[in-house]
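Trainee: The structure under discussion is supplied below as C-alpha cells; questions concerning it will follow.
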Amino acid sequence: MKQLYSKIIACAITVAALSSFSSCGNDFLKEEDTTSYNTQYFETEEGIISLATALYGNIRWHFGYEWAYGITLYGTDEFTNGADLTSEPWNTYDSRLQAINCTTANGAANNNCPPVDGLWNQMYYGIATANLLISNGDKISNDEVRNKCLGEAYFLRGYNYYRLFAQYGGVVLQTEPAKGVVRNFTRATEEETMAQIIDDLNNAYNLLPSGKWRGTGTWTKYSAAHFLAKALLFRCSERNSGWNSSFVSGDLDRIVSLCDEVIQACPLTPDYTKLYAEWTGIDCENEGLDEILMSCQHNGDASTTGRFGNRTHSYFNPQFSNFSASFVRRGTWIGGMDFQRCRPTEYNYSTYDNINDSRLWKSFKTVFGCNSIGNADKNASFGDAAVSLGDQGIIFILNKKSDSRFDGEPYGKFGRPGVSEFVSPETGKWVPNAFPLFLNGKYVLNTYGVSGNPATSNVFCGLNKVEDGTRTAERGDSYRDVIMARTGETFLIKAEAQVRQGKYQDAINTVNLLRKRAEWKNGEDREYYTDGSMAYVNSSLYATESNKTMYHNSFIQRNTYYLSTGIEKTTASSTLQIAGPSRLPEEDETILATLGVSGDKDRMIHFILNERTRELNGEWNRWEELSRTKTLVQRAKTFNPEAAANVAEKHLLRPIPQTFIDGLLNEDGSNLTSEQKAALQNPGY
C-alpha cells in the first residue's frame, strides 16, 4: 500500500501563523516533524505537496471524543441518552445548549460535554490549510500532481463548509489565506455559503482522479461526486425553501446523474456484514471496499495518533459491566467499551422488518457471553439450567409490538440478575440478563435500567458498527477506520431526488436495489452473528491463555433471531421488495400514521428517512438530515421522549459560538455593539 506521510498544519481562522501537530493514519499515515517549517516552506513545491497530504488529518477530529455522536446523533428520532449524561444538552435541547460551551460551571455533568465551538474551530483549521494550498497550487510544476493536490484541497474545503452549513447555516466564507491577525468578518448568507460549497466540490470532482492513488482512504472523483450530490440535495431541501426555487429543477437532474456515476463505479458490497461486522483487524481487506467513498484512517501505530484517535467504540454498548451483576465483565476481549452514550429509541428498532431484513441482525449485538459467574447462589438454584461460562449472559429479544409469545412471561420473569428468572426455550439455560423490546403490546426495554428511570436507562441493545477487538488497552483508542460516506447512502440521495421530482415509482425502484442487498440470501444462516470483536484473535493479547478464554466465553457468534421472531428455522431467501408508493412496508405505514403524515411527497420523504435509519443507522449524519428536511422537531417530539419537551424550530440550527462573536472587532478596531453581536447569532439563541 502506498504511504501517506502526514504533515498536519492547524490554522485558526483569525491567525495567520501555522502550528503543527501529529497526524492520523491507517498504514498509510506517518508522522514527520514539521516544527521547523514556517509559512515560507508551504509556498514551495515540496511544501505544498506535503500540505496536500496533511489535509487528511483534519477529518480525524470528527471521531476523537464525545462530539462524534453528540452533534450528529443526539436529539434525533434514532438515539437518546443512556444513564451517562455527558452530552445530555445535545439530546434534550435544554437551556444548557446555547452559544457558550457547556461545562461543569454552567450545568454540564462533566467537562467532556461537546463544545458548541468545536466544529466551528476545527473546520476552519482545515479550511485555512486548504486555502494556503489553493493559493500556491500554481507552484507545483507537474500538471497531474498539481491537479490531484488542488482537488484534495477543494474537496476538504467544500466538505468542511458543508459541515459548517449543516450545523450553523450561513457562515464566514474565507477563501484566501489570512494575512496577519484578522478580527473583522462578515457572515455570508445561506445561499452564498451553499454556492461556495457546490463550487468547491465541483472543482474537486473535475480535478480528482478516479483511482485511490494514495491507497485506502484517498479522496477520489467519486468521493467528490457523492458529496456534490449531497450538497445539491441540501440546496433543494426544505431548510432552504425561502430562496432555492430557481435551483431545484437543475439540481435534481444533476443529483441523479452524479449518483448514477458513483453507483456504477463504486458498487455495493454484496454482504452488509462486510461493511462493519466482519472486521478482522488493522488495515483488513474490508476497509478498502469499493463501496466506501470516504473514511477516516486509523491504525495501531501510537506515533500517528496525534490529538484525535478513534473513540467511537466507547459509545454504543449498553452498560453491561454495571447491570449484569458480574456475569459479563468488560475488557479488551469485548470489542467496545460500555459507556452507554447512544441508546436507540423504540423507533430505531421498530423501523426494521425483523424477519426479512438482515441489516437488523448484522447491525445490533443481541448476545453477550457469560465470562464470569456473579451470583453463584442464585445460579445454583436453577440446577441443570444454571448458566456456565460461555453460555448466554445477556440477551436482547428484538420482537415486535404485536408479538404475544412472551406475555405473562411463560419462560420466567425478564430482567437483570436480581430479578431475571428467564430460562431460554432454545437452550434450556437460565439467562441472567434477558430483555425483550415489547411485552403486552408495550415498549419495555427502557424499563430495565438500574435507575428504574426510562429516561436514563443503561440497558439497551446497541449497534456493533464500531467494535474493535485489536485494542491493547481497554480505555485506549480504536484502530479501525471510520466510514464517513458510502454508496449505500448514494442510492438514498438519488431516491430522494427522484421523490422531489415527483417520480415516486422510480424512487421505489432505486430503494429496491438497495434493499435487495439487505435480503437474506438462499442458504444464509440467519442466526449467525459477528462483529469487530473477532479481530481479538489477531491481537497480541490473544496469546495469553486467560485472555483467550475470556474472549471465547464473551464472544458468542449467534444472535437471537429465532427467539425474537418465533419463526421456524430456515435458510430460504427473503424479500424486501416494495411494489409501489401507495402501500409501503408495514413498519413504514405504522411510522407514517404515528407522525400523521399524508400526501405522496411527504409520505415518500419520510419513507426515505426511515430507509436511512435501516441502511445508515448510527453513521454520523442523522441530525443534519432531519434538520435539512425540517423534520427534526416533528420526529424528535414523536420518537425521542427525552428531546420532546424542549426541541423547537430554533434547533434546526446550532448557535454561532459566542467565543467567535466576542472576538470580532469593527474595521476601525472598536468592539461590536450588542445589536451587532445579536445580528450575527442564529434566531432564538
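Trainee: Answer yes or no: is there a residue in the stretch 219-237 that is over 20 Å from the mean Cα position of the chain (by Cα) and surrounded by fewer than 17 Cβ atoms within 10 Å (Cβ to Cβ).
Mentor: There is no residue in the stretch 219-237 that is over 20 Å from the mean Cα position of the chain (by Cα) and surrounded by fewer than 17 Cβ atoms within 10 Å (Cβ to Cβ).
Trainee: Another question, then. Only one of A644, A648 is out of contact with any Phe, Trp or Tyr (no Cβ under 8 Å at 6 or more places or on another chain), within 18 Å of T631 (Cα to Cα) and modelled with pLDDT of 95 or more. Can you tell me which?
Mentor: Every option except A644 fails the conditions.
Trainee: Only helices (runs of 4 or more DSSP H) wholly contained in the stretch 628-685 count here; list those with 2 or more residues that are free of Cβ contacts under 8 Å to residues at least 60 places away in the same chain.
Mentor: In the stretch 628-685, the matching helices (runs of 4 or more DSSP H) lie at 632-639, 674-680.
Trainee: Which of (1) open to solvent by less than 50 Å² (accessible area, probe 1.4 Å); (2) at pLDDT below 95; (3) among the β-branched types (V, I, T); (4) farther than 23 Å from G306 by Cα does T44 not meet, given it meets every other one?
Mentor: For T44, the exception is condition (1).
Trainee: Okay, moving on. Examine the stretch 575-592 for a residue that is in a loop (DSSP other than H, G, I, E, B), touching a strand residue (DSSP E or B) at 6+ places or on another chain (Cβ under 8 Å) and of a type in the set (V, I, T), and state whether such a residue exists.
Mentor: yes
Trainee: Considering only the stretch 481-514, state which residues are open to solvent by 10 Å² or more (accessible area, probe 1.4 Å), of a type in the set (K, R) and touching a residue at least 60 places away in the same chain (Cβ under 8 Å).
Mentor: K494, R500
Trainee: So, of the residues in the stretch 665-685 that are more than 27 Å from the chain's Cα centre (by Cα) and under 16 Å from I100 (Cβ atoms), which turns out to be most open to solvent (accessible area, probe 1.4 Å)?
Mentor: Only one residue tops the list, namely S674.
Trainee: How many of the residues making up the stretch 632-653 are among the polar types (S, T, N, Q) and surrounded by 22 or more Cβ atoms within 10 Å (Cβ to Cβ)?
Mentor: 1
Trainee: Those residues that are part of a loop (DSSP other than H, G, I, E, B) and either closer than 18 Å to Y74 by Cβ or not hydrophobic (A, V, I, L, M, F, W, C) (or both), I need them from the stretch 446-460; list them, please.
Mentor: Passing the criteria: Y448, G449, S451, G452, N453, S457, N458, F460.
Trainee: Which ones in the stretch 256-314 are touching a residue at least 24 places away in the same chain (Cβ under 8 Å) and among the small types (G, A, S)?
Mentor: Correct list: A265, A277, G281, G288, S295, G300, S303, G306, G309, S314.
Trainee: Counting residues that are of a type in the set (A, V, I, L, M) and touching a Cys at 6+ places or on another chain (Cβ under 6 Å), which helices (runs of 4 or more DSSP H) fully inside the stretch 45-118 reach at least 1?
Mentor: Ranges flagged: 45-54.
Trainee: Right, Y347: within 18 Å of Y528 (Cβ to Cβ) and either touching a residue at least 40 places away in the same chain (Cβ under 8 Å) or exposed (fewer than 15 other Cβ atoms within 10 Å of the Cβ) (or both) or not?
Mentor: No; evaluated as a whole, the condition is false for this residue.
Trainee: For R405, only one of the following conditions fails: (1) farther than 29 Å from Q577 by Cβ; (2) touching a Gly at 6+ places or on another chain (Cβ under 6 Å). What is its number?
Mentor: Looking at each condition in turn, R405 falls short on (1).
Trainee: Continuing with this model, one more query. What pairs come up if the first residue lies in the stretch 603-618 and is among the aromatic types (F, W, Y), the second is in a helix (DSSP H, G or I), and their beta carbons are under 6 Å apart, counting only those six or more places apart or on different chains?
Mentor: F607/D588
Trainee: Is it fair to say N26 is buried (at least 24 other Cβ atoms within 10 Å of the Cβ), modelled with pLDDT under 95 and not in a helix (DSSP H, G or I)?
Mentor: The answer is yes for N26.
Trainee: Among E152, E190, E144, which is surrounded by 23 or more Cβ atoms within 10 Å (Cβ to Cβ) and of a type in the set (D, E)?
Mentor: E152
Trainee: Continuing with the same structure: On the basis of being among the charged types (D, E, K, R), more than 23 Å from L275 (Cβ to Cβ), open to solvent by 10 Å² or more (accessible area, probe 1.4 Å) and touching a residue at least 60 places away in the same chain (Cβ under 8 Å), does R330 make the cut?
Mentor: Yes, satisfied.
Trainee: Further question: Looking at N160, N121 in this structure, which one is open to solvent by less than 10 Å² (accessible area, probe 1.4 Å) and either without any contact (Cβ under 8 Å) to a residue 24 or more places away in the chain or under 26 Å from P655 (Cα atoms) (or both)?
Mentor: Step by step, each of N160, N121 is checked, and only N160 is open to solvent by less than 10 Å² (accessible area, probe 1.4 Å) and either without any contact (Cβ under 8 Å) to a residue 24 or more places away in the chain or under 26 Å from P655 (Cα atoms) (or both).
Trainee: Can I ask one more? Can you list the helices (runs of 4 or more DSSP H) lying wholly within the stretch 488-572 that have 3 or more residues being among the charged types (D, E, K, R)?
Mentor: Passing ranges, in order: 504-518.
Trainee: Also, quick follow-up: Whether any residue in the stretch 401-413 is surrounded by 19 or more Cβ atoms within 10 Å (Cβ to Cβ), under 29 Å from G532 (Cα atoms) and at pLDDT 95 or above is what I want to check.
Mentor: no
Trainee: Looking at R622, R583 in this structure, which one is closer than 28 Å to T72 by Cβ and of a type outside the set (D, E)?
Mentor: Of R622, R583, the one residue that is closer than 28 Å to T72 by Cβ and of a type outside the set (D, E) is R622.
Trainee: Within the stretch 534-546, identify whether any single residue is open to solvent by less than 50 Å² (accessible area, probe 1.4 Å), aliphatic (A, V, I, L, M) and touching a strand residue (DSSP E or B) at 6+ places or on another chain (Cβ under 6 Å), and answer yes or no.
Mentor: Scanning the stretch 534-546 turns up no residue that is open to solvent by less than 50 Å² (accessible area, probe 1.4 Å), aliphatic (A, V, I, L, M) and touching a strand residue (DSSP E or B) at 6+ places or on another chain (Cβ under 6 Å).
Trainee: Looking for something in a helix (DSSP H, G or I) and surrounded by 23 or more Cβ atoms within 10 Å (Cβ to Cβ) - is there at least one such residue anywhere in the stretch 431-445?
Mentor: Yes, that holds for at least one residue.
Trainee: Which condition does F308 not pass, out of (1) open to solvent by 30 Å² or more (accessible area, probe 1.4 Å); (2) in contact with a helix residue (DSSP H, G or I) (Cβ under 8 Å, 6 or more places away or on another chain); (3) not aliphatic (A, V, I, L, M), if it passes all the others?
Mentor: (1)
Trainee: I'd like the residue in the stretch 539-548 that is in contact (Cβ under 8 Å) with a residue 40 or more places away in the chain and out of contact with any Leu (no Cβ under 7 Å at 6 or more places or on another chain) and, out of all such residues, is nearest to F327 (Cα to Cα).
Mentor: Filtering the stretch 539-548 for residues that are in contact (Cβ under 8 Å) with a residue 40 or more places away in the chain and out of contact with any Leu (no Cβ under 7 Å at 6 or more places or on another chain), the one nearest to F327 (Cα to Cα) comes out as L541.
Trainee: Failed condition for L584, given (1) surrounded by 18 or more Cβ atoms within 10 Å (Cβ to Cβ); (2) farther than 27 Å from A231 by Cα; (3) touching a residue at least 40 places away in the same chain (Cβ under 8 Å), with all others met?
Mentor: (3)
The values are calculated or read from the model by the stated rules, or taken from the named source; none is laboratory data. In this text the structure is predicted, and so the values were computed from the model without any measurement. Note that we place each Cβ from the backbone using ideal geometry, even for glycine, and neighbour counts take in every protein chain shown. Accessible surface areas use protein heavy atoms only, side chains included; no ligands, DNA or RNA. Shrake-Rupley method; radii C 1.70, N 1.55, O 1.52, S 1.80 Å.
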